[in-house]
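Student: Quick one: structure below, then a few questions.
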Amino acid sequence: MGDAPRIGIVGVGVISGAYLKTLEPRSDVQVAAIADLDAARAATVAEGIPGARALEVAALLADPDIDLVLNLTIPAAHAEIALAAIANGKHVYGEKPLAVDLAGGRAVSEAAAAAGVRLGSAPDTVLGTGTQTARSVIDEGRIGRPIAATAVMANPGPEPWHPNPDFYFLPGGGPLMDMGPYYISALVHLLGPVTAVVGAASRLRSERVIGSGPRAGERIPVGVDTHVSGILEHASGALSTLTTSFDSVKTSAAPIEIHGESGSLSVPDPNMFSGVVSFCALGSTEWEPIGDRAGYVDAARGIGLLDMLAAPDDAHVRASGRLALHTLEVMTAVLESARTGVRVSLDTTVERPPLVPLGLRFDLREL
Ligand SMILES: NC(=O)c1ccc[n+]([C@@H]2O[C@H](COP(=O)([O-])OP(=O)(O)OC[C@H]3O[C@@H](n4cnc5c(N)ncnc54)[C@H](O)[C@@H]3O)[C@@H](O)[C@H]2O)c1
């Protein structure tokens, strides 16, 4: 990958700060350019980063001094920005979902493969100690053959805290497309790929009210279902039941539980990098906490991008475009099944990404 790959960030809204916190202090990558539809916002962010330039979006995507585009735009722009970056020969790592529909995801994936560039996608939270420790417990055989999983994300929606929550309620948004990538990626890390799904969905309100920022009080339309449930059939035979909801006040359900023939596992929030994994053996009634045994320690958003750059080859990229495309197909298939009432078989599949050894560290310049 060469020395200190130069990263150009497109889209510097709410989540960009988390990435900059990870990437800026590292000397083995360089945040070299910033672009946003809001040029003033790009200029302000670039000013705070030594050596970074603020550019027009098209100029950044074509700049020969940029090796990798970090795409932190809203979902509706993900495919368009990724395709333009790939057309200019750049590696791409982007926020989730890969695209707002399967056709867009496939186009990005195929373009990256044809251009021979790397494609990676959030979420990378599942590379932290939470999900990775659970994965290592399953791989050790401690729960026996995995039979089933439950995964629950239920809250009242993002509009109370996000100053511009429109995208959450447009096609490509909704609780499944927004939060599903965390849960489905975790389930693939834990149980392997999905072969078919069944879905059902509902919608509580036709409008939402923005709760914070300069637009507080403004009503925005809801164009997507806001409570979505799916049953995911894994290639292994295990069944996952997934609920994602922006129509729920509160939940005390475990984010993810895995049930095997000889034990159950409680897995922490896949939207977080760490958390306590608990195990209960058949015959016991108590959860037993398990110490960290795999995963990036003290990781934060951006580790998936670094992991992608450090991978010896495309097959070893953990937060890969392949996983993102499979995740996208699971989500669009659940929504299709909810619409049609018919079980949907999937076309895409993916290997379980390699386990992250506990505390893995690297310097890209030494690879
Ligand atoms: N906000 C969160 O807590 C959070 C957490 C994890 C992931 N994400 C994901 O990160 C992405 C961005 O979310 P956000 O909350 O930062 O959104 P945001 O609306 O705060 O920021 C998006 C930024 O992208 C810019 N933008 C939009 N379209 C563009 C285009 N075509 N070209 C260039 N710039 C463009 C906007 O001007 C804005 O500055 C989404 O995919 C979201 O799912 C957000």
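Student: Output the residues belonging to region 61-76 that are surrounded by 18 or more Cβ atoms within 10 Å (Cβ to Cβ), farther than 11 Å from V10 by Cα and either within 14 Å of the ligand (Cβ to nearest atom) or among the polar types (S, T, N, Q) (or both).
Tutor: Within region 61-76, just P75 meets the criteria.
Student: A further question follows. Out of curiosity, is S252 more than 20 Å from A154 (Cβ to Cβ), out of contact with any Gly (no Cβ under 8 Å at 6 or more places or on another chain) and modelled with pLDDT of 95 or more?
Tutor: Taking the combined requirement at face value, the residue does not satisfy it.
Student: Taking region 302-322, which residues are at pLDDT 95 or above, touching a Lys or Arg at 6+ places or on another chain (Cβ under 9 Å) and not small (G, A, S)?
Tutor: L306, D307, M308, L309, V317
Student: Please report, ordered by residue number, the strands (runs of 3 or more DSSP E) entirely within region 202-303 with at least 2 residues that are surrounded by fewer than 17 Cβ atoms within 10 Å (Cβ to Cβ) and of a type outside the set (S, T, Y).
Tutor: Counting at least 2 such residues, we get 207-209, 219-221, 288-290.
Student: Given G144, G174, G116, G130, which one is in contact (Cβ under 8 Å) with a residue 40 or more places away in the chain, away from the ligand (no atom under 13 Å from the Cβ) and on the phi > 0 side of the Ramachandran plot?
Tutor: Exactly one residue qualifies, and that residue is G144.
Student: So which residues in region 47-60 are within 11 Å of the ligand (Cβ to nearest atom), surrounded by fewer than 24 Cβ atoms within 10 Å (Cβ to Cβ) and outside any loop (DSSP other than H, G, I, E, B)?
Tutor: Matches in region 47-60: V57, A58.
Student: Scan region 344-367 and report the pairs whose first residue is farther than 22 Å from T125 by Cβ and whose second residue is exposed (fewer than 13 other Cβ atoms within 10 Å of the Cβ) and not aliphatic (A, V, I, L, M), with Cβ atoms within less than 6 Å and a gap of 6+ or a chain change.
Tutor: R365/D3
Student: Another question about this same structure. Does D36 satisfy the condition of being at pLDDT below 95, in contact with a helix residue (DSSP H, G or I) (Cβ under 6 Å, 6 or more places away or on another chain) and either within 11 Å of the ligand (Cβ to nearest atom) or acidic (D, E) (or both)?
Tutor: Criteria not met by D36.
Student: Exactly one of (1) buried (at least 23 other Cβ atoms within 10 Å of the Cβ); (2) within 18 Å of E233 (Cβ to Cβ); (3) more than 17 Å from the chain's Cα centre (by Cα) is unmet by V344. Its number?
Tutor: Of the numbered conditions (1) buried (at least 23 other Cβ atoms within 10 Å of the Cβ); (2) within 18 Å of E233 (Cβ to Cβ); (3) more than 17 Å from the chain's Cα centre (by Cα), the odd one out for V344 is (1).
Student: Assess whether I9 counts as being within 12 Å of the ligand (Cβ to nearest atom), modelled with pLDDT of 95 or more, in a strand (DSSP E or B) and crowded, with 18+ Cβ neighbours inside 10 Å.
Tutor: Taking the combined requirement at face value, the residue satisfies it.
Student: Hey, another quick one. For region 77-95, which residues satisfy the criterion of being near the ligand (Cβ under 10 Å from one of its atoms), more than 13 Å from S16 (Cα to Cα) and of a type outside the set (G, A, S)?
Tutor: Selection gives H78, E80, I81.
The values are calculated or read from the model by the stated rules, or taken from the named source; none is laboratory data. Only a predicted model underlies this, so the values are computations on that prediction, with no experimental measurement involved. Cβ sites come from the backbone with ideal geometry, for glycine too, and all protein chains shown count toward neighbours.
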